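The numbers here are math on the coordinates, done by the rules we state, and not lab data. All of these numbers come straight from a predicted model, not from anything done at the bench. Glycine also receives a Cβ, built like all others from the backbone with ideal geometry; neighbour counts cover every protein chain displayed.
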Amino acid sequence: MPSDDSRLCVGWREWLALPDLGIDAIKAKIDTGARTSALHAFEVIPFRQDGRDLIRFRIHPIQRRMDIAFQCTAEVIDRRWVSDSGGHKELRYVIRTSVCLGPDTWAIEITLTDRDPMRFRMLLGRTAMLGRLLVDPEASYLFGRTARRTRHAPDSMARE
């Protein structure tokens, strides 16, 4: 690795924030095998407002914590066919949002899908990492366990 490399070194799993969606902490797999980033979403409802295609969805950002839920709204930028790790194709909504990891924040595209049975509520794919991140496959949570320090608003305080 060149010594002038300015890319951020991350572990194979990290805590991220999605501030545009009001998510202070979500555990993500830094997945070099996935081209596209994916976010857990349920009760996905597309709608039009002021000539824009929007989507409302809910998310449980912490696995096995159904008492913690957020309602999010984002602009739909696309719908794409995505193949999951089992080779199954699914037509997914795509949104653009900012992601915070360690000291950096940048915009990424994320597909919305039901990841309820999965270990990670989010996958950060190659496209989101391009030119920004180096992955150390032996490391985890290089920027701390944010969710242990951050408390999430209960569903009664869900964000829109």
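Observations, loosely collected:
- DSSP beta bridges confined to the chain are antiparallel in about 75 percent of cases.
- Most fluctuating residue given options L54, L130, L18, as computed from a GNM of the chain linking Cα atoms under 10 Å: L130
- Radius, Kirkwood style, for the range 12-151 when every pair of distinct Cα atoms is counted (Å): 15.4 Å
- Ranking I95, M118, M129 by Cα position along the charge dipole of the chain, where only Lys, Arg, Asp and Glu carry charges on their C-beta atoms, puts M118 farthest toward the positive end.
- Sequence-separation-based contact order of the chain, relative, with Cα cut under 8 Å and 6+ spacing, percent: 37 percent
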